[in-house]
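The values are calculated or read from the model by the stated rules, or taken from the named source; none is laboratory data. Keep in mind that what you see is a predicted model, and the values were worked out from it rather than measured. Backbone-built Cβ (ideal geometry, glycine too); neighbour counts: all protein chains shown.
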Amino acid sequence: MALLANDIFLYCPKHTGISDIMHKIKTYIDGFDDILGGGIPEGHVVLVCGTPGTMKTSVTYSIMYENAKREGYKGLYISLEESYEGLKGAMLDLGMEDIDQLPVFMIDVGKIRKAHPEQELSKGWLDILTKYIQKRIESDDFDIVVIDSLAALYSLAPLKNPRAELFHFMRFLKDLGSTVFLISEISFGSMSLVAHDEDFLADGIIHLTMHEAGDSDIQLRINCIKMRRTKHQRGWYRLIHTGKKFTTTPIISD
């Protein structure tokens, strides 16, 4: 069996003398896959955190879009905040004109609600979302799933026992076999990246922030805080959108 460039042999104690192969999903953000040591391990659940305006949705959608375009991977983007039309319009503005020709499916909270008319908006949403994702994975076998965002999910489904409920939800996501991105909104001035224990439960954390680099220069920056099963580089890098793609560059000075 031929190996791809992003395949890595790992020793697995369940087998005798045989190693399992871990494949990595590229972000296709120029320079960032090198920072990640080749990409994001397939099947990981990754938090994408940042304050409002840090392009969390754009970066995450770009990863799904580029993998659909370059690798033929199927993507499911679940927006619990923005409408389908608004999300699609924003992605078209970023130069993703061929969205409709790719195996990428977008759905917003309104469409999910119509699919479950027996449920009230404020009740059972975590269960609704779990069942919806499970059904879609079984029927379409998506490679990448994005949930945007956790804050919106919590407003729809207040958690009575956050630690236990999130543990089971994260376990469900990991058992899917798909690579899952969870967008986490950080409040301005907050010292925490998440609302509950999501950072401990997730396999990876990518942090986006706006940094004032001088009197008139505000830079978008990215940092991989955590990525299990990778030897990733740590620290901040500048993130730039150059027409139709994202690029990372080293930070020269502040």
Restricted to segment 201-218 and to residues being charged (D, E, K, R) and either under 12 Å from the mean Cα position of the chain (by Cα) or assigned to a loop (DSSP other than H, G, I, E, B) (or both), the residue surrounded by the most Cβ atoms within 10 Å (Cβ to Cβ) is 203
Selected residue (only one of 98, 93, 108 is over 18 Å from the mean Cα position of the chain (by Cα) and either farther than 26 Å from residue 218 by Cβ or at pLDDT 95 or above (or both)): 98
From the set of residues in segment 233-249 that are of a type outside the set (Gly, Ala, Ser) and closer than 17 Å to residue 92 by Cα, which is modelled with the lowest pLDDT? 244
Within segment 61-68, is there a residue that is more than 27 Å from residue 236 (Cβ to Cβ) and either buried (at least 18 other Cβ atoms within 10 Å of the Cβ) or at pLDDT 95 or above (or both)? yes
So which helices (runs of 4 or more DSSP H) stay within segment 19-124 end to end and still have 3 or more residues that are among the polar types (S, T, N, Q)? 56-71
